[in-house]
Amino acid sequence: MAEFIMELNDEQKEVRDWLHGFAADVIRPAAAEWDEREETPWPVIQEAAKVGIYSLDFYAQQFFDPTGLGIPMAMEELFWGDAGIALSIVGTGLAAVGVLANGTEEQIGTWIPEMYGDADDVKVAAFCSSEPDAGSDVAAMRTRAVYDEAKDEWVLNGTKTWATNGGIANVHVVVAVVDPEIGSKGHASFIVPPNTPGLSQGQKFKKHGIRASHTAEVVLEDVRIPGSCLLGGKDKLDERLARAREKAKAGGGERVKNAAMATFEASRPAVGAMAVGTARAAYDYALEYAKSRTQFGRPIIDNQGIAFQLADMRTQIDAARLLVWRASWMATTGKKFESAEGSMSKLFASETAKKVTAQAVQILGGNGFTREYPVERMHRDAAIYTIFEGTSEIQRLVIARTLSGMPIR
C-alpha cells in the first residue's frame, strides 16, 4: 500500500508540467472565444487527442496511479486552463468509467473506442443519470428499462437532464430503473449505440458558467437496444436483483442506500480537484495583477487589504488541495471514508473556488467585472462546483450523518 505523501514524484511532475503546458498554450488562448460561443470546442478536443490527453489510455494511467494523485493532479492542471474547455475534454471519461466499472471485457473493448474516436475524427460520450425530479435523490429516478424477452431487447423510456455531451454524443450510457421496488439497487446501466432511433436531444441549457461544455436533456422514446447493451449482462443483473430483494425483505434497505452513497463518495475528490484548478487560476491572475497595478504611486499588493486577501486565498487553495489528495489516496488504497472524507474534500474545495474567484474579481475592481479579464469567467465557472456531483448542502448532510452515525437517506 502506498504511503500518503504530500509531494509528487518525478514522473508525476513530468506529467503535470506537460499538462500545464497544454493548458497554458492551447486551452487558455481559446477559453474566451468558446465561452462566448457556448459551443463544444471541437478543435481543442482534437488537439488534446493528437497529443494523447483525450484518450482512455491517458486517464487509465492516471486512475491506476498507486498514490491516488494522478487524477487530481491532471484535473487541477486542465481546469487551471479553463473549466468549460476542460470539462469538454474530460466529460467523456464519465461514460467511460461507467463502462469500465460495470461492463464486460467485450463491452469495454467494443464501446470505449467508439466513445473517443481518433485524432482525425474525435467523438464524445455522455453519461445520463440525473432527471428533472431525480438529482441528489437517485431513488426518485423514473426512466424505465423493460426487457422484451422475445426479441432480446431492452426498451428505454424517460428523460435525462444535465447530461454533459447529451444528444451530441456518439455513445450514451443511460442509467434506468429495472425494478422500482428496491430503490437504487433496482437500477442498471445501458449502452445506447450511435444513431439509435428514439433517442433525441431535448433542451440545450444556456448556462451561467462552463459554457464551452455542452449540457442538455436526453429524451428516450421507445428506445430499443440489443440485450448485449446491458452493462454487465443479464445474468449478472438477475443475480444482483435477487440479492437486493432478499436484503430488502430482511430489512437491509438502509445498507443498500449507504452502499450507493459510498460510490459517490469515492468520485467526489476529482470534482474537488477541478475546483482547486479554477481557484488557483484566479489566484495566480489576481496575484500578478496586484503586483503590477499601481495606485497612489505603489503596487496595490503593498496595501494590507489586498495582501491579506491574497494570503487567505493561497492558504485556502493549499488546504483544499490537501483534502482532495487525502481523499484520493484513501479511495485508491481502499481506506474507508469513516468521516466522509470524500465529501469533505469536495465541499471545501468547491466553496473555496467560489470564494477565491470572488476575491479575485474584487482585487481587480472594475476590470474584474468585465469580460476583458478572465477572472470574471472563472467566477462564473466556479459556481458549478457547489452544485454538481452533489450540492454543498448534500455534502454537509452526508458528513453530518456519517459523523453522527445516522442513516444517509
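The values are calculated or read from the model by the stated rules, or taken from the named source; none is laboratory data. These numbers come from a predicted model, not from an experiment. When we count neighbours, we look across all protein chains shown, and the Cβ atoms used for this are built from the backbone with ideal geometry, even at glycine. Only protein heavy atoms, including side chains, enter the accessible area calculation; ligands, DNA and RNA are left aside. Shrake-Rupley method; radii C 1.70, N 1.55, O 1.52, S 1.80 Å.
List of remarks:
- Counting only DSSP beta bridges with both residues in the stretch 75-215, the antiparallel share comes to about 75 percent.
- Kyte-Doolittle mean at least -0.5, axial Cα span of 20 Å or more - DSSP H helices of the chain: 253-292, 304-333, 341-364
- Remark: accessible surface ordering of Ile384, Ile363 (largest first) is Ile384, Ile363, probe radius 1.4 Å.
- Accessible surface of the chain, 1.4 Å probe, proportion on carbon and sulfur as whole %: 52
- With all protein chains kept in place, the per residue accessible area of the stretch 148-190 amounts to 35 square angstrom at a probe of 1.4 angstrom.
- Shape category assigned to the stretch 268-350 from the gyration tensor of Cα positions, a/c cut at 1.5: prolate
- By definition, a body whose alpha carbon gyration tensor gives a ≥ b ≥ c is prolate when a/c is 1.5 or more and a/b is larger than b/c, and the stretch 284-409 fits this prolate description.
- Accessible-area rank, largest first, for Asp120, Asp284, Asp35: Asp120, Asp284, Asp35, with all protein chains present and a 1.4 angstrom probe.
- Packing-based ranking, highest mean first, of 177-183, 372-378, 228-234 given that Cβ atoms within 10 Å are counted: 372-378, 228-234, 177-183
- For the peptides 70-83, 155-168, 93-106, the ranking by mean Cβ contacts within 10 Å, running from highest to lowest, is 70-83, 155-168, 93-106.
- Whole-percent pair-distance distribution, where bins are 5 Å wide, for the alpha carbons of the stretch 67-193: 2, 10, 17, 19, 21, 15, 9, 4, 2, 1, 0
- Accessible surface ranking that places the most exposed of Ser130, Ser343 first, with a 1.4 angstrom probe: Ser130, Ser343
- When the helices of the chain are scored as -39500 (n - 2.57) per DSSP H run of n ≥ 4 and the total is divided over every residue, the value at 222 nm lands at -17500 deg cm²/dmol.
- What the stretch 267-379 shows is 44 Å² of accessible area per residue, with the surface traced by a 1.4 Å probe over protein heavy atoms.
- Annotation for Asn195 and Ala250: the two label points, set 7 Å from Cα along the Cα-Cβ direction, are 4.9 nm apart.
- Centroid-to-centroid separation of the stretch 79-135 and the stretch 349-409 [C-alpha atoms, Å]: 24
- Rounded to 5, the percent of DSSP beta bridges in the chain classed as antiparallel: 85
- Charge dipole magnitude, Cβ of K and R +1, D and E -1 - the chain, Cα centre, debye nearest 20: 1380
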